[in-house]
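*Asks:* The structure is given below, and queries will be raised subsequently.
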Amino acid sequence: AKMNNQQMQSKVEQPEKIDPITAVQDSIDTLSLSLFEALRGLRDAVAPTIDHEDMEYEDFLMAYAKDQPYALELIEASDGNPPKSRDEYLKLRAKNEMKKHAELVPKLAQGVLGASDKLDTLVSELPGMHRTKAEQMDRIQELLDENKVVDEELQEVYKKTEIRRDEIRLALQKVTCRALGIEEEI
């Protein structure tokens with residue numbers, strides 16, 4: 001299923017809160033999809049799966065008589081007037097293809113550039129993007145130091161918790177033994 005640019009942009013601009021890195025990753029996905037769709041659109045324009053370019057004038061007239069979409073589209077492009085000769089048909093077909101390509105390329109480019117701009121904006125808004133390398137290294141060291149302090153506090157709390165847990169287990173064991181009348185060496 002093809003996604004248009006609005007669907008791809010709405011996919012990135014989700015109403016729920018997401019962290020900046022996830023937003024950048026989503027934007028990269030959107031850019032990739034835009035590039036893929038652009039390349040597929042160009043491929044289809046250059047080498048369509050149904051090759052109407054080889055259609056002879058007589059085949060075109062038969063397609064027009066049967067109201068086939070390609071023939072009707074070509075007639076519509078010529079203000080509703082069917083070509084009266086093979087030369088008119090070839091000129092009309094060439095003009096129609098040029099018009100399609102002229103409309104397609106800016107549309108595809110707009111989708112890719114829109115996704116690229118969104119990605120650039122998200123990356124520029126990431127925390128710390130405006131710091132120098134030295135400032136970033138200093139910030140990393142600060143965070144490492146903070147982590148070390150918090151880790152030491154956590155280890156201390158963990159040790160105290162283990163001691164308290166063991167005290168509670170021992171007290172429960174004594175109470176349970178007394179309640180059941182069991183004498184046990186503790």
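*Asks:* Do we have residue 83 as closer than 24 Å to residue 57 by Cα, surrounded by 13 or more Cβ atoms within 10 Å (Cβ to Cβ) and modelled with pLDDT of 80 or more here? Give the derivation first.
*Replies:* On the way: closer than 24 Å to residue 57 by Cα: yes; surrounded by 13 or more Cβ atoms within 10 Å (Cβ to Cβ): yes; modelled with pLDDT of 80 or more: yes.
When the stated conditions are applied, residue 83 passes them.
*Asks:* Considering 113, 31, which residue is open to solvent by 90 Å² or more (accessible area, probe 1.4 Å), closer than 30 Å to residue 127 by Cα and at pLDDT 75 or above?
*Replies:* It is 113.
*Asks:* The conditions are (1) under 30 Å from residue 75 (Cβ atoms); (2) open to solvent by 80 Å² or more (accessible area, probe 1.4 Å); (3) not hydroxyl-bearing (Ser, Thr, Tyr), and residue 182 fails exactly one of them. Which is it?
*Replies:* (1)
*Asks:* What number of residues in segment 61-85 are in contact (Cβ under 8 Å) with a residue 24 or more places away in the chain and of a type in the set (Gly, Ala, Ser)? Before the answer, list the steps.
*Replies:* First pass over segment 61-85, keeping only residues in contact (Cβ under 8 Å) with a residue 24 or more places away in the chain: 83, 85.
The next check asks that each one be of a type in the set (Gly, Ala, Ser); those that pass are 85.
Summing the residues that are in contact (Cβ under 8 Å) with a residue 24 or more places away in the chain and of a type in the set (Gly, Ala, Ser) in segment 61-85 gives 1.
*Asks:* Out of 108, 143, 154, I need the residue that is out of contact with any strand residue (DSSP E or B) (no Cβ under 9 Å at 6 or more places or on another chain), hydrophobic (A, V, I, L, M, F, W, C) and touching a residue at least 40 places away in the same chain (Cβ under 8 Å). Which one?
*Replies:* 108
*Asks:* Considering only residues of segment 118-141 that are surrounded by 10 or more Cβ atoms within 10 Å (Cβ to Cβ), not aliphatic (A, V, I, L, M) and not in a loop (DSSP other than H, G, I, E, B), which is modelled with the highest pLDDT?
*Replies:* 141
*Asks:* Does residue 91 qualify as being surrounded by 10 or more Cβ atoms within 10 Å (Cβ to Cβ), of a type in the set (Lys, Arg) and under 37 Å from the mean Cα position of the chain (by Cα)?
*Replies:* no
The values are calculated or read from the model by the stated rules, or taken from the named source; none is laboratory data. Not measured: the values here are computed from a predicted model. Heads up, the Cβs are rebuilt from the backbone with ideal geometry, glycines too, and the neighbour counts pull from every protein chain shown. Keep in mind that these areas ignore ligands, DNA and RNA; they rest on the heavy atoms of the full protein, side chains included. Shrake-Rupley method; radii C 1.70, N 1.55, O 1.52, S 1.80 Å.
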